[in-house]
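Rule-based calculations on the coordinates, nothing more; no lab input. Quantities reported herein were computed from a predicted structural model and do not represent experimental measurements. Neighbour counts are summed over all protein chains in view; Cβ atoms, including those assigned to glycine, are modelled from backbone coordinates with ideal geometry.
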Amino acid sequence: MKLFMSFLIVITVLVSASCQTKPTTQRTKVVSADHWSTHLPTSIERVEKSEEEWKKELNEQEFYVIRKKGTERSFTGVELLNNKKEGLYTCKACGLPLFASDTKFKSGTGWPSYFAPLKAEYIKEDTDYNLGYARTEVMCAQCDGHLGHVFPDGPQPTGLRYCINAVSLDFQEAKPEPKKSGE
Ligand SMILES: [Zn+2]
């Protein structure tokens with residue numbers, strides 16, 4: 001009986017331990033964005049606005065996704081999704097450059113996908129349980145606007161897939177600086 005009790009205790013501990021295991025959150029990984037540095041701000045200026053102010057600046061769909069953490073239907077932002085021009089993808093709400101064309105890849109999901117943000121400090125992460133399981137939400141670090149989620153099934157060099165709502169982004173055509181020889 002004593003053996004049985006200790007067996008029960010071990011099982012209980014194991015079960016509760018597995019329940020407490022925190023979901024693995026994706027840590028933002030960046031690749032060098034030095035060749036875009038002339039297009040990047042030197043610092044982040046916090047942007048805080050009331051719900052009413054955001055409503056005036058954003059259309060209904062933008063407000064739903066960016067401020068209410070909604071998700072657009074896949075393949076709705078086709079223009080941005082299929083965009084192959086060189087340049088920067090900026091936050092629709094505050095203009096902060098978030099992703100560059102050279103980290104964009106075709107994921108087949110219907111949402112613009114990138115394997116890294118321009119800078120780790122431009123992106124905020126949070127764990128979201130809206131679908132009943134943990135996902136890592138990504139937000140603009142300057143205005144807290146919802147962008148999408150990051151998943152661990154992206155291509156190298158980071159292995160991450162930043163799955164972003166097209167409605168959360170704007171595109172600015174820009175040329176990177178030529179890479180120095182030896183890099
Ligand atoms: Zn923003």
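Listed values, structure above:
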| read-out | value |
| --- | --- |
| Long-range amide H partners of residue 161 with built H, under 5 Å | 151, 153, 154 |
| Sequence-distant residues sharing a close amide H with residue 123 (under 5 Å, placed H) | 141 |
| Mean separation of Cα contacts under 8 Å (6+ apart) over length of segment 49-173, as relative contact order % | 28 percent |
| Highest to lowest packing among 67-79, 97-109, scored as the average C-beta count within 10 Å | 97-109, 67-79 |
| Net charge of neighbours whose Cβ lies under 13 Å from the Cβ of residue 106, counting Lys and Arg as +1 and Asp and Glu as -1 | +3 |
| Net charge contributed by nearby residues that have their C-beta within less than 11 Å of residue 115 (K/R +1, D/E -1) | +1 |
| For segment 117-131, Karplus couplings with θ = phi - 60° (6.51, -1.76, 1.60), whole Hz, Gly/Pro x | x, 4, 9, 4, 6, 8, 10, 10, 10, 8, 8, 10, 10, 4, 9 |
| Calculated from backbone phi, Karplus (6.51, -1.76, 1.60) coupling profile of segment 76-92 in Hz, x at Gly/Pro | 7, x, 4, 4, 6, 4, 8, 5, 10, 6, 7, x, 10, 9, 10, 5, 4 |
| Other-chain or far-sequence residues with amide H under 5 Å of residue 87's (modelled H) | 101, 102, 174 |
| ³J(HN,Hα), Karplus 6.51/-1.76/1.60, whole Hz, each residue of segment 153-166, x for Gly, Pro | 10, x, x, 5, x, 9, x, 10, 10, 8, 9, 10, 5, 4 |
| Proxy reagent accessibility, fewest Cβ within 10 Å first, across 89, 122 | 122, 89 |
